[in-house]
Ligand code: ADP
Ligand code: ZN
Ligand code: ZN
């Protein structure tokens, strides 16, 4: 009997192509057997592709004659470790994406094209205390002395070592062994001192410490300013002391800088950043530092959830309710949910923090899946801000600003304090209309009103981006009485600047922060002391800590009250509580004004009387009664086509292709909530199931069928599992 060939000669490879499958290749005789997680170059179509080895097998399901050989193995050791590989493949499976696209997207851009790993810039060399003493006691001479003097003058980036005289290069190694020269990142500035924790924080920390080691999820549910960040910091310090890594996620790039500064000052270690604002090189470097274990605290936005964590100790997700954690194209993953999966695989705890937890998270806490820790009061014992409604039906308002609101602003400035006016709409006015005949400017493609941008002198469609000049007179009746209807941030800015000409005013929206430089400049343009006014969109809801901010006004909450999206009430409540949380963080108490035409709306009344948690409880009851998430599971098929007929032909075929399973409710095909986007028609099909498992068992084979439908060829479609937007 011959010995069976034990060495696997078939590689199963994930390729960055939009197909939900893996591809088998043979391994040429001369190649060593690679480990999963390694990059390979393989023939594909008429060219070659870079892929990731997912498995090494003795044989394929396909006949060997149909398999092509691998061209090259690109790494010596796997780029992705077993946990990361498995977690990303799980994500592709769960959110119904292509495994190869998911894996390659998990890599920093600089590593996707198969280039060799860049050398980790071994940071910067500097003198240690011992080196300084050696220099002063002048027992060194020659090249060693020259190098010590060079480093005393300035730190030396490692790339510059090559340019040193040979004798000094030799001295570098010697002096490092002697401990006279160290890497700057290892020099660990001394950690800052933490404030003594208040009883609520201390109790939360004690509960976290009492958790058994391994995987756990804790919802740290504390009002804005209650000191959640101090609790994270205490835990991270403990994880650091064990020599383990922490991954911290925040929802927005705008929050990175201030968070990094706070982490760095308190923990006394370098913080490695992972977000889309970094150059490809810097991102690859942080990713590789994470992979090597050198990065000890990683801070990033959504995509940082794909960071390798070989020495993982903790994952912290700040503002866990934030919808930015959900990716809205490609693989539509949710960073919080993927982080939970990874933490489970890594056997580490997760901390979810929020002042306004997602209903899903509150539900999981109520079911005992998450530990639930509350911090009910602000850490500095400042009272919570006072929230009042302004009834717009009883008030004249100009440019969207009522008299009581303007009075409150004036009084705030008179006291030398700062205010924020919030409006979730950019531009001058959402509608430009004719006072004579009622005509208004619509996007010819989307059939929705164009937003008037007055300063830019144009009309803009916020759906498809179309730009049009402002007509000189009404195209319908010729009247010149064209007027703004409604108000956006640009109009508020103009009206407020006129009303309060001496008050420094800053507008913050996507228009004013288009460039990164503009964003960075924002925080420095308002005076720290004295009256000032911020006007802006939801970008204001997060960060932008103004110590003397005592008044927050929301010019209209009504759009959130009557939306067809079942998540709108939750979002509105979160937004109100978050913007309110910006008020009164300093020594002065805060005041919050909400303008509305519906002051009797139950949502507002409950939010004002019972706060976020009371409202969340009744919203959850409503969701349960209506069998909506988190009491049901959704998957949404979206499609866009140039012709309406093609769109519905596809959606109909997709519906027909579904297995007739009683456990799944099918809603549609139907037009999308916004049925036109530029020249395209948008439609959707919603699947709902009471059991996640049953829904998923139907979805996977269905997705594979969708890929092959002839009706799918001429249009764009996508699948969204657990969609946050309908
Ligand atoms: P959160 O993350 O819940 O919004 P922070 O941790 O940012 O709250 O704390 C809010 C403010 O209170 C910060 O200025 C912080 O320095 C301060 N603070 C937090 N905990 C304490 C404490 N135990 N003693 C004194 N000040 C504290
Ligand atoms: Zn007209
Ligand atoms: Zn449009």
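The values are calculated or read from the model by the stated rules, or taken from the named source; none is laboratory data. Note that the coordinates shown come from a computational prediction; the quantities given were computed from them, not determined experimentally. Here Cβ is always computed from backbone atoms with ideal geometry, including for glycine, and neighbour counts include all displayed protein chains.
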- Search region 210-237 for residues being in contact with a helix residue (DSSP H, G or I) (Cβ under 8 Å, 6 or more places away or on another chain) and part of a helix (DSSP H, G or I), and hand back the single one that is surrounded by the most Cβ atoms within 10 Å (Cβ to Cβ). 231
- Count of residues meeting criterion [part of a loop (DSSP other than H, G, I, E, B) and over 21 Å from residue 572 (Cβ atoms)] in region 355-384: 12
- Item | Pairs with Cβ under 7 Å, 6+ apart, first in region 419-446 and under 30 Å from residue 582 (Cβ atoms), second within 11 Å of ligand 2 (Cβ to nearest atom) and assigned to a strand (DSSP E or B) | 431/440
- Which of (1) in contact with a strand residue (DSSP E or B) (Cβ under 9 Å, 6 or more places away or on another chain); (2) outside the structural domain of residue 509 (by the TED database); (3) part of a loop (DSSP other than H, G, I, E, B) is the odd one out, the single condition residue 352 does not satisfy? (3)
- Query: In region 248-289, what count of residues is obtained for those that are over 13 Å from the mean Cα position of the chain (by Cα) and more than 17 Å from residue 117 (Cβ to Cβ)?
  - Reply: 17
- Kindly provide the set of residues from region 238-274 that are touching a strand residue (DSSP E or B) at 6+ places or on another chain (Cβ under 7 Å), within 15 Å of ligand 1 (Cβ to nearest atom) and not in a helix (DSSP H, G or I), ordered by number. 248, 249, 250
- Taking interchain pairs and intrachain pairs at least six residues apart, which have beta carbon atoms under 8 angstrom, with the first residue in region 138-166 and within 18 Å of residue 128 (Cα to Cα) and the second surrounded by fewer than 14 Cβ atoms within 10 Å (Cβ to Cβ) and modelled with pLDDT under 80? 145/138; 158/122
- Note on the structure: Among the residues of region 441-499, the number that are touching a helix residue (DSSP H, G or I) at 6+ places or on another chain (Cβ under 8 Å), away from ligand 2 (no atom under 16 Å from the Cβ) and part of a strand (DSSP E or B) is 1
- Query: Got at least one residue in region 433-445 being buried (at least 19 other Cβ atoms within 10 Å of the Cβ), within 29 Å of the chain's Cα centre (by Cα) and either more than 8 Å from ligand 3 (Cβ to nearest atom) or at pLDDT 90 or above (or both)?
  - Reply: no
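A quick yes/no check of all residues on (1) in the same structural domain as residue 504 (by the TED database); (2) at pLDDT 95 or above; (3) more than 16 Å from ligand 1 (Cβ to nearest atom):
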residue	(1), (2), (3)
400	yes, no, yes
407	yes, yes, yes
422	yes, no, yes
448	no, no, yes
455	no, no, yes
461	no, no, yes
464	no, no, yes
- Any chance you could count how many residues in region 636-656 are closer than 30 Å to residue 357 by Cα and assigned to a helix (DSSP H, G or I)? 0
- Working only within region 108-126, note down all residues that are at pLDDT 80 or above and either more than 19 Å from residue 23 (Cβ to Cβ) or buried (at least 22 other Cβ atoms within 10 Å of the Cβ) (or both). 108, 109, 110, 111
- Note on the structure: Only unsatisfied item for residue 235, checking (1) within 16 Å of ligand 1 (Cβ to nearest atom); (2) in the same structural domain as residue 349 (by the TED database); (3) more than 18 Å from residue 380 (Cβ to Cβ); (4) modelled with pLDDT under 90, is (4)
- Message: For the structure I just gave you, tell me whether residue 553 is in the same structural domain as residue 414 (by the TED database), closer than 20 Å to residue 488 by Cα and touching a residue at least 12 places away in the same chain (Cβ under 8 Å).
- Response: yes
- Note on the structure: In region 30-78, residues that are crowded, with 21+ Cβ neighbours inside 10 Å and more than 22 Å from residue 19 (Cβ to Cβ) total 1
- Item | Single residue of region 679-710 satisfying the filter (closer than 26 Å to residue 447 by Cα and more than 27 Å from the chain's Cα centre (by Cα)) that is nearest to ligand 2 (Cβ to nearest atom) | 679
- Is it fair to say residue 659 is surrounded by 16 or more Cβ atoms within 10 Å (Cβ to Cβ), touching a helix residue (DSSP H, G or I) at 6+ places or on another chain (Cβ under 7 Å), in a loop (DSSP other than H, G, I, E, B) and in contact (Cβ under 8 Å) with a residue 40 or more places away in the chain? no
- Going by the conditions given, is residue 366 more than 16 Å from ligand 1 (Cβ to nearest atom) and closer than 24 Å to residue 611 by Cα? yes
- Message: Scan region 625-635 and tell me whether some residue there is more than 16 Å from ligand 2 (Cβ to nearest atom), in a strand (DSSP E or B), more than 22 Å from residue 559 (Cα to Cα) and in contact with a helix residue (DSSP H, G or I) (Cβ under 8 Å, 6 or more places away or on another chain).
- Response: yes
- Item | Qualifying residues in region 396-410 (those that are surrounded by fewer than 20 Cβ atoms within 10 Å (Cβ to Cβ) and touching a residue at least 24 places away in the same chain (Cβ under 8 Å)) - the one nearest to residue 502 (Cα to Cα) | 410
